[in-house]
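The values are calculated or read from the model by the stated rules, or taken from the named source; none is laboratory data. Predicted, not measured: the structure shown is a model, and the values here were computed from it. Here the Cβ is made from the backbone with ideal geometry for all residues, glycine too, and neighbour counts use every protein chain on show. Areas reflect the complete protein model, heavy atoms only, side chains present, ligands, DNA and RNA absent. Shrake-Rupley method; radii C 1.70, N 1.55, O 1.52, S 1.80 Å.
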Amino acid sequence: MNQPLAYVHPGAKIAKNVVIEPFTTIHNNVEIGEGTWIGSNVTIMEGARIGKNCNIFPGAVISAIPQDLKFGGEESLAIIGDNTTVRECVTINRGTIASGQTKIGKNCLIMATAHIAHDCHIGDNAIIVNGVALAGHVIVGDFAVIGGLAAIHQFIHIGDHAMISGGSLVRKDVPPFTKAAKEPLSYVGINSVGLRRRGFSPEKIREIQDIYRILYQKNYNTTQALSIIEAEMEATPERDEIIMFIRNSSRGIMKGYTGGGF
């Protein structure tokens, strides 16, 4: 779209039906897909790859260089999947040499003032609520929900369908299908409401609950719990996803709630 009050670098690749509102700046080496709307006063910098039918609200800054002192000016990307909404004043930094890209999946909602740092990888259908701060190298699974003002430590992994309460300090990995709350962050149950909304059967939800009872409520250590889960629980995609997540956790998983803290 020819918008005389916006600046679009001649090297940017913009689909013909993209709407760019006044006072927006789009740098070189940017690609924007069909049907996307870019609001006023948005800055989209080099390395941005924005999909189809996205909505980028005023004040957002997409693909600025990482806030990482090790960054050496290498080429990298910030990728936003189709049908994703980025609300006001969100900042999304591009990747570093570590992975080469920051990536947000399809159908995500990134609410106002959230920050997504370099090399974060966010799955499809995730919701990042207002004021959330993701440090570098964070992985967020599909359908995960992170409540407002939560702060996520670097290299944290948040599993599919997990839900984290607002204001949380996330220092340990959050396994899939769980709810996380309290201080320090703890397991407080499975995300049964979210799972029902996404079509999980009552039997499947009970299976997931049984797995986490062994892990968090039977006084086993993690190694013992995983051995029992493998021996006693039928092999299913959900069981195996939980086991693999915990075994691959580099920072360790959150603990069970013991009644301490707030």
*Gaussian network model of the chain, Cα springs within a sub-10 Å range: biggest mean-square fluctuation belongs to which of Thr84, Thr43, Thr236?*
Thr236
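Report the net charge of residues surrounding Ala48, where surrounding means a beta-carbon distance below 10 angstrom and charges are Lys +1, Arg +1, Asp -1, Glu -1. Walk me through the numbers on the way to the answer.
Values: positive: Arg49, Arg94; negative: Glu31, Glu46.
Neighbour charge sum, excluding Ala48 itself: 0.
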*Please compute P(r) over all alpha-carbon pairs of the chain, binned at 10 Å starting from zero, and give each bin as a whole-number percent.*
8, 30, 30, 19, 10, 3, 0
_Against the 2.2 N^0.38 Å scaling, with N counting residues, where does the stretch 159-256 land? I'd like the Cα-based Rg ratio to two decimal places._
1.01
_Among Tyr220, Tyr212, Tyr187: highest mean-square fluctuation, GNM of the chain, C-alpha pairs under 10 Å_ = Tyr220
*Where a ≥ b ≥ c are the square roots of the eigenvalues of the C-alpha gyration tensor, would you call the stretch 81-172 rounded, which needs a/c under 1.5, or, failing that, prolate if a/b is larger than b/c, or oblate?*
rounded
*asked:* If I build a Gaussian network model for the chain, linking alpha-carbon pairs within less than 10 angstrom, which residue out of Lys172, Lys106, Lys218 has the largest mean-square fluctuation?
replied: Lys218
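Please compute the per residue accessible area over the chain with all protein chains in place, 1.4 Å probe, rounded to a whole number of Å². Display every interim value, and only then the final one.
Values: 12280 Å² over 262 residues.
Per-residue accessible area for the chain comes out at 47 Å².
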*Count the net charge of all other residues whose Cβ sits under 15 Å from the Cβ of Ser76, scoring Lys and Arg as +1 and Asp and Glu as -1.*
-2
*Fraction of accessible area attributable to carbon and sulfur, the chain (%, probe 1.4 Å)*: 52
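Taking a temperature of 10 °C and a viscosity of 1.306 mPa s, what whole-number D in µm²/s does Stokes-Einstein yield for the stretch 1-124 with Rh from Kirkwood over alpha carbon pairs?
Numbers: Rh = 13.9 Å.
D = 114 µm²/s.
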